[in-house]
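The values are calculated or read from the model by the stated rules, or taken from the named source; none is laboratory data. Computed from a predicted model, the values in this text were never measured in an experiment. Cβ sites come from the backbone with ideal geometry, for glycine too, and all protein chains shown count toward neighbours. Remember, those area values only see protein heavy atoms, side chains included, never the ligands or the DNA or RNA. Shrake-Rupley method; radii C 1.70, N 1.55, O 1.52, S 1.80 Å.
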Amino acid sequence: MGAVGFNKKKEKREEMGVSLRLQKRLAASVMKCGKRKVWLDPNEIGDISTANSRSNIRKLIKDGYVIRKPPVVHSRSRANKKRLAKRKGRHSGFGKRKGTRNARLPVKILWIRRQRVLRRLLVKYREAKKIDKHLYHELYAKAKGNVFKNKRILIEYIHKAKNEKVREKHVAEEAEARRARNKDARARRVGRLEKKRGEEIKAAVQDAEARKREEEQKAKAKKEAAKKEAAAKKAVPAKKETGKKESG
């Protein structure tokens, strides 16, 4: 407390005209506080000075001659007000800063926060079945490779990737359908060609059979004609002989 406090106490005792050190000590013991928290009523010094026991001190406390001082208030209102202002961004100009940017907020801390945000989002999307495990692994590696600046960019990338995947699937389905249509068309074309070939072969066989029948008929007709001619030739000499006999 120093010499100033001691002198004030001395002056106060001299004004009272009597020493109350014993009463103050007993009161502090009874009220379970320090001696500097004990207040003695200056108008009742006579009654207080005669109290030399704890029971008398308790009676004085009950009568209100001895009071325990309230705690000294160290107000936080100004500090709270400044804290709210700093939360809004005040009092943080160049003149208020001590330390480099990296010392005030390390780059590593920012990196850790960003990675945790991105990885929490990926886990949440994977559990909600919004992305499969393959896309999760790809995005996890990209996040570690500093591809995504924040969560918004990651969400946009996920939407684009899903749309691209749907488009690729649609294109693949269209290509498969096109291949199936072409295959069916080729099968129909082959069937038509085979049918046409079969009809041509059948027509050729029929033509060949018809030509064969015609040739056989012609050959048969030739044979018959040859037989008739041969018979006619045989008949002519026989008539000549019969005529000679008749004339003879």
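The table that follows gives values for the structure above.
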{"item": "Any hit, region 195-212, residues being within 30 Å of V123 (Cβ to Cβ), among the polar types (S, T, N, Q), surrounded by 10 or more Cβ atoms within 10 Å (Cβ to Cβ) and over 15 Å from the mean Cα position of the chain (by Cα)", "result": "no"}
{"item": "Among (1) at pLDDT 95 or above; (2) in a helix (DSSP H, G or I); (3) among the β-branched types (V, I, T), the one test that I201 misses", "result": "(1)"}
{"item": "Residues of region 129-188 classified as under 17 Å from the mean Cα position of the chain (by Cα) and assigned to a helix (DSSP H, G or I), total", "result": "28"}
{"item": "In region 95-110, the residues that are of a type in the set (V, I, T) and part of a loop (DSSP other than H, G, I, E, B)", "result": "T100"}
{"item": "Options K124, K130, K82, K69; residue that is surrounded by 10 or more Cβ atoms within 10 Å (Cβ to Cβ) and within 30 Å of N43 (Cβ to Cβ)", "result": "K69"}
{"item": "Residues being open to solvent by less than 100 Å² (accessible area, probe 1.4 Å) and of a type in the set (D, E, K, R) - total across region 177-194", "result": "1"}
{"item": "Long-range neighbours under 9 Å by Cβ, at least six apart or interchain, first residue under 17 Å from R114 (Cα atoms) within region 143-168, second polar (S, T, N, Q)", "result": "A143/Q115; K144/Q115"}
{"item": "Close pairs from region 97-115: first in contact (Cβ under 8 Å) with a residue 12 or more places away in the chain, partner surrounded by 11 or more Cβ atoms within 10 Å (Cβ to Cβ), Cβ under 9 Å, at least 6 apart", "result": "R114/A143; R114/F148; R114/K151; Q115/A143; Q115/K144"}
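Matching residues to (1) assigned to a helix (DSSP H, G or I); (2) touching a strand residue (DSSP E or B) at 6+ places or on another chain (Cβ under 6 Å):
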residue: A28; (1), (2): yes, yes
residue: I45; (1), (2): yes, no
residue: N52; (1), (2): no, no
residue: I57; (1), (2): yes, no
residue: I61; (1), (2): yes, no
